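Peer 1: Structure incoming, see below.
The values are calculated or read from the model by the stated rules, or taken from the named source; none is laboratory data. Please read these numbers as outputs of a predicted model, since none were measured by experiment. Ideal geometry is used to build each Cβ from the backbone, glycine not excepted, and the neighbour counts take in all protein chains shown. Heads up: the accessible areas ignore ligands, DNA and RNA and are worked out on the full protein's heavy atoms, side chains in. Shrake-Rupley method; radii C 1.70, N 1.55, O 1.52, S 1.80 Å.
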Amino acid sequence: MKNLILGAALLSGATAYAAPTKYIVKLKEGANPKSISLFSMKSVQDVTPVRASFGKFYSLKAEGLSQKSVSLLAADPNIEYIEESQTYSIGPVAMNKEVINDAKYSDQWGLKNTGRNSGGWFSRGKEGEDVNAEKAWGITKGDRALKIAVIDTGVDYTHQDLKANMWTNELEANGIEGVDDDGNGYIDDIHGYDFANDDGDPQDGHGHGTHCAGNIGAKHDRSGVRGVMDNVQMVGIKFLTDSGSGDTQDAIESIEYAIAVGVDLMSNSWGGGGFSQALKDAIQAANDAGIVFVAAAGNSRRDNDTTDSYPANYEIENVISVGAMDGSGKRSSFSNYGAEKVHVFAPGSNIMSTVPGNRYQKMSGTSMATPLASGVIGLLMAENPNLTPMEIRDRVEATAVRNGLVDQYTRSGRIDAERLLLNTVN
Ligand code: CA
């Protein structure tokens, strides 16, 4: 029965009363929510439409909804499927305690690994085990026409290294507070949107999203760090709270918003939960709009070929799953892997980047490898704007460096910006 997608907790009768309180319901095309009698039953406290153009979705909150009621909902002829809401998070990202006021390009081994980059956490460098950014910059440093969504804990769009590369919705920036000046359905969305708090301010209350943004597009000026791209427009889309977690509805609405803004790529340094047809539908819609969806492989040291890690494992043409490697070119000990399911590896240990308040910090995770890969793919999109998501993914795999260290953990090897741009295949 395809329209009943539930986790183990609900499938076991004994634990039915421990049911989660939030569900995502997808109606069939042309269905009328008013004719779904169960929507008005007593245990259902809240039924709200999910903002999505790729289907009629509702979020449903219920207290102690019995397994029988869920089955009845699933059997309703108006309902395509009902599933539990999932919780997504940034995962166990390691954050160096040291938060500094200035950082140097030479701290960024992921862009240029000299084997002798700054010490501390970083002690086992191997020259050349990086994304090969400098060679690529001789060809392109990006393009302001490109829009990349950072779907995360938000972005500090006032950061000195980021503000010049933030997307700005000019009508909102010059508009009236509290008014949807550009008529896109979102009020005050000047640099993005906050779906965790449902407002137009995607300011980062955690640090993780700002770190990701810096890896993609910190401006190449004389201070601070550099992103893989010097020229880009980053859209801050917040759905993870200040403690770093969010749910299915907010993830879907983030993807919907990114599609509406017309981004070229979504960078996703988050994951968790089980399979969600609703989230898969959203990523499929992004694919149909020609948008690349880069996703972190996960930080659980697991084999994604045998244990699914979502959203990285959704089998959709635009999903590019990224594992993390350290400065010696080896798989980061925390990184998930998968000879079939992980498409490529990128630097992810001890990565220096931006954090809120004009500060800088090292973090470790596939969360960091993901935006570095997103930036590299952004360079390719700047040079070849007409490639489809699948063509891009194929090329990422075909041009990756088989470094003899991470190859067994991925379909390809370590991402290489110059080879990607020149289409240097093995
Ligand atoms: Ca607006």
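Peer 1: Of the residues 278, 285, which is surrounded by fewer than 24 Cβ atoms within 10 Å (Cβ to Cβ) and either charged (D, E, K, R) or farther than 22 Å from residue 413 by Cβ (or both)?
Peer 2: From the options 278, 285, the qualifying one is 285.
Peer 1: Looking only at segment 370-400, which residues are open to solvent by less than 30 Å² (accessible area, probe 1.4 Å) and either of a type in the set (Val, Ile, Thr) or outside any helix (DSSP H, G or I) (or both)?
Peer 2: 370, 376, 377, 392, 396, 399, 400, listed by residue number.
Peer 1: In the set 146, 171, which member is within 16 Å of the ligand (Cβ to nearest atom) and outside any loop (DSSP other than H, G, I, E, B)? Spell out how you get there, then give the answer.
Peer 2: Values: 146 fails: within 16 Å of the ligand (Cβ to nearest atom).
Exactly one residue qualifies, and that residue is 171.
Peer 1: Now, a different point. So which of 188, 182, 194, 152 is within 17 Å of residue 263 (Cβ to Cβ), assigned by TED's automatic domain parsing to the domain that holds residue 261 and within 9 Å of the ligand (Cβ to nearest atom)?
Peer 2: Sole residue among the options that is within 17 Å of residue 263 (Cβ to Cβ), assigned by TED's automatic domain parsing to the domain that holds residue 261 and within 9 Å of the ligand (Cβ to nearest atom): 182.
Peer 1: Also: Consider residue 238 carefully, then state whether it is buried (at least 23 other Cβ atoms within 10 Å of the Cβ), assigned by TED's automatic domain parsing to the domain that holds residue 106 and within 16 Å of the ligand (Cβ to nearest atom).
Peer 2: yes
Peer 1: Show me the strands (runs of 3 or more DSSP E) entirely contained within segment 33-87 in which 3 or more residues are open to solvent by less than 30 Å² (accessible area, probe 1.4 Å).
Peer 2: 56-62, 79-84
Peer 1: Additional query: Determine whether residue 91 is more than 16 Å from the ligand (Cβ to nearest atom), modelled with pLDDT under 95 and not in a strand (DSSP E or B).
Peer 2: Yes: the conditions hold for residue 91.
Peer 1: (1) of a type in the set (A, V, I, L, M, F, W, C); (2) assigned to a loop (DSSP other than H, G, I, E, B); (3) in contact (Cβ under 8 Å) with a residue 40 or more places away in the chain: which one isn't true of residue 346, the others all being true?
Peer 2: (2)
Peer 1: Only one of 328, 321 is at pLDDT below 95, touching a Lys or Arg at 6+ places or on another chain (Cβ under 7 Å) and in the same structural domain as residue 125 (by TED's automatic domain parsing); which?
Peer 2: Exactly one of 328, 321 is at pLDDT below 95, touching a Lys or Arg at 6+ places or on another chain (Cβ under 7 Å) and in the same structural domain as residue 125 (by TED's automatic domain parsing), namely 328.
Peer 1: Taking segment 244-264, which residues are closer than 17 Å to residue 155 by Cβ and among the hydroxyl-bearing types (Ser, Thr, Tyr)?
Peer 2: Matches in segment 244-264: 254, 257.
Peer 1: Let me ask you something else. Say we look at segment 401-420 and pick out the residues that are part of a helix (DSSP H, G or I) and charged (D, E, K, R); which of these is farthest from residue 341 (Cα to Cα)?
Peer 2: Restricting to residues being part of a helix (DSSP H, G or I) and charged (D, E, K, R), the top hit is 418.
Peer 1: What about residue 249, is it in contact with a helix residue (DSSP H, G or I) (Cβ under 7 Å, 6 or more places away or on another chain), open to solvent by 10 Å² or more (accessible area, probe 1.4 Å) and not in a loop (DSSP other than H, G, I, E, B)?
Peer 2: Working: in contact with a helix residue (DSSP H, G or I) (Cβ under 7 Å, 6 or more places away or on another chain): no; open to solvent by 10 Å² or more (accessible area, probe 1.4 Å): yes; not in a loop (DSSP other than H, G, I, E, B): yes.
Taking the combined requirement at face value, the residue does not satisfy it.
Peer 1: Right, here's the next one. Looking for something among the β-branched types (Val, Ile, Thr), touching an Asp or Glu at 6+ places or on another chain (Cβ under 7 Å), over 28 Å from residue 139 (Cα atoms) and open to solvent by 40 Å² or more (accessible area, probe 1.4 Å) - is there at least one such residue anywhere in segment 180-189?
Peer 2: Scanning segment 180-189 turns up at least one residue that is among the β-branched types (Val, Ile, Thr), touching an Asp or Glu at 6+ places or on another chain (Cβ under 7 Å), over 28 Å from residue 139 (Cα atoms) and open to solvent by 40 Å² or more (accessible area, probe 1.4 Å).
Peer 1: Next question. Any residue that is away from the ligand (no atom under 16 Å from the Cβ), in the same structural domain as residue 108 (by TED's automatic domain parsing), of a type in the set (Val, Ile, Thr) and within 24 Å of residue 211 (Cα to Cα) - is there at least one of those in segment 157-168?
Peer 2: Yes, the conditions are met somewhere in segment 157-168.
Peer 1: Quick check on segment 327-340. Is at least one of its residues touching a residue at least 60 places away in the same chain (Cβ under 8 Å), open to solvent by less than 10 Å² (accessible area, probe 1.4 Å), part of a strand (DSSP E or B) and touching a helix residue (DSSP H, G or I) at 6+ places or on another chain (Cβ under 8 Å)?
Peer 2: no
Peer 1: Name the residues in segment 310-356 that are over 30 Å from residue 224 (Cα atoms) and small (Gly, Ala, Ser), would you?
Peer 2: Of everything in segment 310-356, those that are over 30 Å from residue 224 (Cα atoms) and small (Gly, Ala, Ser) turn out to be 312, 338, 339.
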